[in-house]
Amino acid sequence: RKEVEQDPGPFNVPEGATVAFNCTYSNSASQSFFWYRQDCRKEPKLLMSVYSSGNEDGRFTAQLNRASQYISLLIRDSKLSDSATYLCVVGVRTGNQFYFGTGTSLTVIP
Amino acid sequence: SQTIHQWPATLVQPVGSPLSLECTVEGTSNPNLYWYRQAAGRGLQLLFYSVGIGQISSEVPQNLSASRPQDRQFILSSKKLLLSDSGFYLCAWTVSSYNEQFFGPGTRLTVL
């Protein structure tokens, strides 16, 4: 079983739509949670950290459910510039390691 | 502020040739350093990580090796490249696994 699982998509949505991505993790020693954005042929860049109480940054909302071991990302009012691959990342206490989902591809259509 | 550098940006190498990719971090001390590989259309695969000078942990046994000769320098090497070594190599640093990772711009390696 993979440490982190994501629906690969692709998600094709019109501008202005709301889209949600989910991610599940299997390691109960997971202690930190992040969403990264990766544009084509570029390095991943931090979109936002995910906190236990949930957090919001403009049009982006991230939530964590420790009991069910899943993380979500909600994007409201999608823009063309939101088109990218979104990576779910989990940090674990043991070994200072991070586990990455394979990413969810989003294309926002005019 | 902290920055992370990788070079070269792109590399085309013949099968059987050696490899040396370098990563350096500025603006922080004693970072945890990581090498990842991303094959085309695939997720990130952790290759090596280091929590200090001379301390290397290998995640995937293969023909690659890593070294950390200085606190903020991480090198990925191979004596003989394989076709399957082609991919996008990313270096990253963090303070700890409780904090976010920051990635370098990556090296795109093509082995022919």
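Return only the number of the condition from (1) touching a strand residue (DSSP E or B) at 6+ places or on another chain (Cβ under 9 Å); (2) farther than 27 Å from A:A29 by Cα that B:G41 does not satisfy.
Going through (1) touching a strand residue (DSSP E or B) at 6+ places or on another chain (Cβ under 9 Å); (2) farther than 27 Å from A:A29 by Cα one by one, B:G41 breaks only (1).
Would you confirm, using the coordinates I've provided, whether B:Y49 is closer than 16 Å to B:S97 by Cα, buried (at least 20 other Cβ atoms within 10 Å of the Cβ) and touching a residue at least 60 places away in the same chain (Cβ under 8 Å)? Please lay out each step first, then the result.
Details: closer than 16 Å to B:S97 by Cα: yes; buried (at least 20 other Cβ atoms within 10 Å of the Cβ): yes; touching a residue at least 60 places away in the same chain (Cβ under 8 Å): no.
Taking the combined requirement at face value, the residue does not satisfy it.
Just give me the residues in segment A:8-20 being buried (at least 16 other Cβ atoms within 10 Å of the Cβ) and over 16 Å from A:A62 (Cβ atoms), in sequence order.
Step one: filter segment A:8-20 for residues buried (at least 16 other Cβ atoms within 10 Å of the Cβ), giving A:11, A:13, A:19.
Within segment A:8-20, A:F11, A:V13 meet the criteria.
Pull up segment B:89-101, narrow it to residues that are facing chain A (nearest Cβ under 7 Å) and touching a Lys or Arg at 6+ places or on another chain (Cβ under 9 Å), then point me to the one that is surrounded by the fewest Cβ atoms within 10 Å (Cβ to Cβ).
The residue in question is B:Y98.
Condition check ((1) surrounded by 13 or more Cβ atoms within 10 Å (Cβ to Cβ); (2) touching a His at 6+ places or on another chain (Cβ under 8 Å); (3) not in a strand (DSSP E or B)) across all residues:
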{"position": "A:R1", "(1), (2), (3)": "no, no, yes"}
{"position": "A:N22", "(1), (2), (3)": "yes, no, no"}
{"position": "A:Q31", "(1), (2), (3)": "yes, no, no"}
{"position": "A:E43", "(1), (2), (3)": "yes, no, yes"}
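Considering (1) within 14 Å of another protein chain (Cβ to nearest Cβ); (2) assigned to a loop (DSSP other than H, G, I, E, B), say which one A:A17 fails and leave the rest.
Unmet condition: (1).
I'm checking my understanding of the structure. Among residues of segment A:93-108 that are farther than 18 Å from A:S72 by Cα and within 8 Å of chain B (Cβ to nearest Cβ), which one is modelled with the highest pLDDT?
Across segment A:93-108, the extreme among qualifying residues is A:Q97.
Only one of (1) hydroxyl-bearing (S, T, Y); (2) away from every other protein chain (no Cβ under 11 Å); (3) over 13 Å from the mean Cα position of the chain (by Cα); (4) more than 30 Å from B:A9 (Cβ to Cβ) is not met by A:S30, so which one is it?
The number of the failed condition is (2).
Restricting attention to segment B:74-88, does a residue exist that is more than 9 Å from chain A (Cβ to nearest Cβ), farther than 16 Å from A:G95 by Cβ and in contact with a helix residue (DSSP H, G or I) (Cβ under 8 Å, 6 or more places away or on another chain)? Working first, answer last.
Within segment B:74-88, the first condition is being more than 9 Å from chain A (Cβ to nearest Cβ), and the residues that meet it are B:74-87.
Okay, now just the ones that are also farther than 16 Å from A:G95 by Cβ, so B:74-87.
Those left that are additionally in contact with a helix residue (DSSP H, G or I) (Cβ under 8 Å, 6 or more places away or on another chain): B:78.
So far as segment B:74-88 goes, yes, one or more of its residues are more than 9 Å from chain A (Cβ to nearest Cβ), farther than 16 Å from A:G95 by Cβ and in contact with a helix residue (DSSP H, G or I) (Cβ under 8 Å, 6 or more places away or on another chain).
Please go through segment B:7-37 and give me each residue that is surrounded by fewer than 20 Cβ atoms within 10 Å (Cβ to Cβ), part of a loop (DSSP other than H, G, I, E, B) and out of contact with any Leu (no Cβ under 9 Å at 6 or more places or on another chain), ordered by number.
Passing the criteria: B:A9, B:G27, B:T28, B:S29, B:N30.
Name the one entry in A:S52, A:S78 that is surrounded by 21 or more Cβ atoms within 10 Å (Cβ to Cβ) and in a loop (DSSP other than H, G, I, E, B). Before you say what the answer is, go through the steps one by one.
On the way: A:S52 fails: surrounded by 21 or more Cβ atoms within 10 Å (Cβ to Cβ).
Matching residue, one of A:S52, A:S78: A:S78.
The values are calculated or read from the model by the stated rules, or taken from the named source; none is laboratory data. Keep in mind that this is a model prediction, so the values were computed, not measured. Note: ideal-geometry Cβ built from the backbone for every residue, glycine included; neighbour counts use all protein chains shown.
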